[in-house]
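What follows draws every value from the coordinates through simple rules; no lab data is involved. Bear in mind that the values here come from a model prediction, so they are computed numbers and not experimental data. Reconstructed Cβ throughout: ideal geometry from the backbone, glycine too, with neighbour counts over all protein chains shown.
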Amino acid sequence: MVSAEEFNVAEIRAALIGTRFARGLQHFASVDSTNARLLEAAAAGAPEGTVFVADEQTSGRGRGGHTWHSTPGDGLYVSILTKPALPLRDALLISLATGLAAQRAIRECTGLTADIRWPNDLLLDGKKCVGILVETALERDQNAALRYAVIGVGININHPSFPEEIAPLATSLRLASGKPLQRSSLLIALLRALDHELMLLEDISAPREKDLLTRFAEGSTWARGKRVKVPEQGGYTGVTAGLNEHGFLLVASDDGVLRTVLSGGVREME
Ligand code: BTN
């Protein structure tokens with residue numbers, strides 16, 4: 001049993017000086033969902049860079065209406081508010097950038113390189129250790145521009161085991177590396193890496209899309225050449241064939257059509 005370290009908010013803020021997150025961090029012992037709380041705060045005018053982190057979530061939200069296993073002190077449950085000047089059609093790029101930031105944070109803290117299953121599940125030993133849920137709001141008066149995005153990141157850090165129903169699919173950094181880790185180290189590394197990724201995304205003078213998509217393709221064995229089944233458009237199978245300019249996955253399906261995957265849920269063919 002690893003006793004959970006307390007978050008020292010002042011120390012974490014100090015380690016984030018120079019990023020957009022230095023002043024915005026708030027810690028909760030227990031909430032229903034950090035995403036739900038931060039979406040409320042965003043609607044009430046919370047600024048860019050607000051971060052909510054909790055020791056425990058009682059109704060952690062996952063993608064596709066799933067819940068996120070959020071036992072006290074074991075994982076990092078964090079939501080980040082950002083207001084990038086991006087059209088809605090590029091919102092997926094925020095998910096891809098966050099996946100790269102989480103991959104970098106894990107590498108810095110454990111030396112392990114997690115694979116990224118498009119769009120943003122991180123896997124170690126073929127099992128999921130990070131889930132990312134980006135929830136967006138649109139500008140009322142501008143055509144399809146993003147008003148803000150709440151980026152929710154769940155990292156399984158010190159879980160010694162998982163409930164039977166998710167055990168075959170889930171792992172923690174501790175299980176994969178054999179070592180317990182400090183949640184605060186992961187949080188600091190994640191927020192630093194995400195600050196950098198968001199800066200690249202917003203810098204319209206940089207060739208940002210090419211850069212992000214190229215780096216994603218380098219960091220994910222799922223972007224190209226993976227035989228997958230896709231549970232949409234009636235369900236089909238094929239081989240992944242890169243990403244389009246908005247970050248959507250292309251699959252050369254077995255019927256000879258190049259299809260664009262619009263939602264997550266892509267699975268490897270056995
Ligand atoms: C997924 O299903 O893969 C996404 C999981 C996202 C979980 C995180 S934990 C922090 C934040 N708050 C939530 O309620 N969900 C996200």
Checklist entry - Just one of VAL134, VAL230 is within 16 Å of the ligand (Cβ to nearest atom) and β-branched (Val, Ile, Thr); which is it? => result VAL134
Item to check | Hey, VAL31 in contact (Cβ under 8 Å) with a residue 60 or more places away in the chain, among the β-branched types (Val, Ile, Thr) and within 12 Å of the ligand (Cβ to nearest atom) or not | outcome: no
